[in-house]
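For reference, the structure discussed in these notes is given below.
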Amino acid sequence: MPDTSDFRNGLIIRFKNDLFTIVEFQHVKPGKGGAFVRTVLKNLKTGRVLDNTFRAGESIEIVRVERRKYQYLFRENEFLVCMDNQTYEQINVPLQLFGEGVVFLKEADEVDILFDGDQIVNVELPIFSNLKVTHTEPGFKGNTATGANKPATLETGATINVPLFIEEGDILKVDLRTGEYVERVKS
């Protein structure tokens, strides 16, 4: 039976009848008393993060998940329709599983969907996406060295802050985890 010695970052466990991933853990052996493991757990359904302490050697239930590549097709009410890249089967995935990065997702982007049997556990978006700027105010000569930012609207409708030298039509690399501009890919 697996126990706390099997902990590693990214491991998915069943805890309090919910699925959690281990974000961080630390084995602690105090001078007095028994050893324990301090953990930071993230709920896969709600995204809520909690701290928990397990006794060293305490039994845990590890959940084996299957990761499959899917292609995002379109949005339908509170679901996103995705297609399996191998079987071409289409499924409806609840919008909340995509997290905040969904505003940067464009049609035909690939996502990883995690399954526990037939049940969808979580969706992992790509880390970066190249998106075209559809609207931004023009930058003026002499403003490029100040390090100031301006808002830019991307092809998905999301708005991010970009440096002043960015113009409409530029392709930008955006970090989907933070929603921040990384670099200009093509102008």
task: Answer yes if at least one residue in the stretch 49-70 is without any contact (Cβ under 8 Å) to a residue 12 or more places away in the chain and within 30 Å of THR156 (Cβ to Cβ), and no otherwise.
output: no
- request: Identify, from the list LEU19, LEU80, the residue that is out of contact with any helix residue (DSSP H, G or I) (no Cβ under 9 Å at 6 or more places or on another chain) and not basic (Lys, Arg).
  value: LEU19
message: Testing LYS132 on (1) under 25 Å from LYS16 (Cβ atoms); (2) surrounded by 15 or more Cβ atoms within 10 Å (Cβ to Cβ); (3) of a type in the set (Lys, Arg), one condition comes back false. Which one is that?
response: (1)
field: Selection within the stretch 21-51 - modelled with pLDDT of 90 or more, among the hydrophobic types (A, V, I, L, M, F, W, C) and closer than 29 Å to GLU100 by Cα
entry: ILE22, VAL23, PHE25, VAL40, LEU41, VAL49, LEU50
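Filter the stretch 24-41 down to the residues that are more than 21 Å from LEU114 (Cβ to Cβ) and β-branched (Val, Ile, Thr), then identify the one that is farthest from the chain's Cα centre (by Cα). I'd like the intermediate steps shown before the answer.
Restricting attention to the stretch 24-41, the residues satisfying the condition of being more than 21 Å from LEU114 (Cβ to Cβ) are 26-38.
With β-branched (Val, Ile, Thr) added as a condition, the list becomes 28, 37.
On the way: VAL28: 30, VAL37: 26 Å.
Once the filter is applied, the top-ranked residue is VAL28.
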query: Just wondering, is there one or more residues in the stretch 141-149 that are in contact with a Ser or Thr (Cβ under 6 Å, 6 or more places away or on another chain), of a type outside the set (A, V, I, L, M, F, W, C) and over 27 Å from THR21 (Cβ atoms)?
result: no
query: Among the residues of the stretch 42-59, is there at least one that is over 16 Å from the mean Cα position of the chain (by Cα), within 24 Å of GLY117 (Cβ to Cβ) and either exposed (fewer than 12 other Cβ atoms within 10 Å of the Cβ) or not small (Gly, Ala, Ser) (or both)?
result: yes
- prompt: Would you call ASP18 at pLDDT 90 or above and either acidic (Asp, Glu) or surrounded by 13 or more Cβ atoms within 10 Å (Cβ to Cβ) (or both)?
  reply: no
query: Got a number for residues in the stretch 87-124 being loosely packed, with under 12 Cβ neighbours inside 10 Å, on the phi < 0 side of the Ramachandran plot and modelled with pLDDT of 90 or more?
result: 2
- prompt: Residues in the stretch 30-42 that are farther than 12 Å from LEU11 by Cα and touching a residue at least 12 places away in the same chain (Cβ under 8 Å): how many?
  reply: 5
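The values are calculated or read from the model by the stated rules, or taken from the named source; none is laboratory data. Bear in mind the structure is a predicted one, so any value in this text is a computation, not a measurement. For neighbour counting, all protein chains shown are included, and Cβ atoms are generated from backbone atoms with ideal geometry for every residue, glycine included.
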